[in-house]
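Before any comments, here is the structure.
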Amino acid sequence: MATKELKGTQTEKNICIAYLDECQSYARYNYYAQAADKEQYFPVGVIFRETANNEMHHAKVFLKMLQNTEVTTPVNVDAGFLGTTTDNLKIAMKEEKDSGYEFYMQAAATAIDEGFPEIASHFKAIAAVEKTHYDRFAKFLDMINNGTLWKREKPVTWKCLVCGYTEVGTEPPTTCPGCDHPYQHYVCVEDGYAPAQVF
Ligand SMILES: [Fe+2]
Ligand SMILES: [Fe+2]
C-alpha cells in the first residue's frame with residue numbers, strides 16, 4: 001500500500017473511519033447474535049456471527065492499509081441501541097447502508113481522485129459485501145415479520161444448525177430427530193443463507 005503518499009489525504013481519514021466502523025460492527029453484531037439466541041432466533045444469531053466475522057476481516061484490510069500511520073479524526077460512535085432482534089436487524093440494515101456500501105462507494109471515488117486505485121478497488125469490493133449483508137438482514141427481518149422463518153407454502157429443505165439433520169417439508173420438525181433441539185435451530189437451505197464456515 002502507498003503508505004507514505006496516504007499521509008494527510010482524505011483517503012487516509014476514510015480508511016481510519018472504515019477501520020473503526022468495522023470494529024464497532026464486529027462488536028455490535030456479536031451482541032445482536034446473543035440477543036437473537038435469547039429470543040430463540042438461532043438462524044439470525046448465526047447470520048449475525050458470520051457477518052461479524054466478515055466485518056472483522058474488513059477491519060483487518062483497512063488496518064493493514066494504515067500500517068505506520070497515525071491519524072486523528074472525529075469518530076462517530078453511532079451506538080444505536082441494543083434492542084430486540086427485529087430492532088437490531090433494522091439498525092444493522094441502516095449501518096450496512098450508511099456507513100457500509102454508501103460510504104465505501106464515496107470513499108472509492110475519493111481514492112480514485114487522490115490517485116489510489118488499489119485502495120479504491122478494495123473499497124468497492126467491500127461495498128459489494130456490505131450490500132449482501134444489507135440484503136440478508138432485510139430478508140430475515142421480512143421472514144420474522146411475515147411468519148415465514150419456519151413456515152413455507154411449498155416444501156423446502158430444513159437443516160438443523162446444531163447437528164446437520166435435514167428434512168423436507170413446509171415446516172421443520174418440532175424437535176430435531178438427530179439432536180433433540182427445538183425447531184428454532186432450523187434454517188431453510190433453499191434460502192441460500194445456511195451459515196458458511198467461520199475462519
Ligand atoms: Fe457488513
Ligand atoms: Fe439437530
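Of all the options GLU39, GLU12, GLU153, the one that moves most in a Gaussian network model of the chain with Cα springs shorter than 10 angstrom is GLU153.
By how many nm would the segment from ALA27 to ASN76 grow when fully extended, if each residue of separation counts as 0.36 nm and the alpha-carbon distance is taken off?
Once the chain is fully extended between ALA27 and ASN76, it gains 16.1 nm.
Which FRET efficiency value, to the nearest 0.05, is calculated for LYS7 and HIS57 with the Förster distance at 22 angstrom and r the Cβ-Cβ distance? With a Förster radius of 22 Å, E is 0.30. Our estimate of slack between VAL189 and ALA128, defined as 0.36 nm per intervening residue step minus the Cα-Cα distance, is 19.7 nm. Dipole check for the chain: with +1 at the C-beta of Lys and Arg, -1 at the C-beta of Asp and Glu, and the Cα centre as origin, the magnitude is about 160 Debye. Each label point was placed 7 Å from the Cα along the Cα-to-Cβ direction; for THR69 and GLN34 their separation is 3.3 nm. Taking each DSSP H run with n ≥ 4 as -39500 (n - 2.57) and averaging over every residue of the chain yields -18500 deg cm²/dmol at 222 nm. Putting +1 on Lys and Arg Cβ atoms and -1 on Asp and Glu Cβ atoms, find which of MET105, THR86, TRP158 reaches farthest to the positive end of the dipole of the range 53-165. The residue sitting farthest along the positive end of the dipole is TRP158.
Could you work out the Kirkwood radius for the chain, taking every pair of different alpha carbons, averaging 1/r and inverting it, reported in Å?
After inverting the mean inverse Cα-Cα distance, the result is 18.1 Å.
Residue by residue, the range 115-130 carries 3J(HN,Hα) couplings of x, 10, x, 5, 5, 4, 5, 5, 4, 5, 5, 6, 4, 5, 5, 4 Hz when phi is fed to the Karplus relation 6.51 cos²θ - 1.76 cosθ + 1.60 (θ = phi - 60°); x denotes Gly or Pro.
Only the coordinates and a few stated rules stand behind these numbers; no lab work does. Quick caveat: nothing in here was measured; it's all calculated off a predicted structure. Using ideal geometry, Cβ is built from the backbone for each residue, glycine included, and neighbour counts are taken over all protein chains shown.
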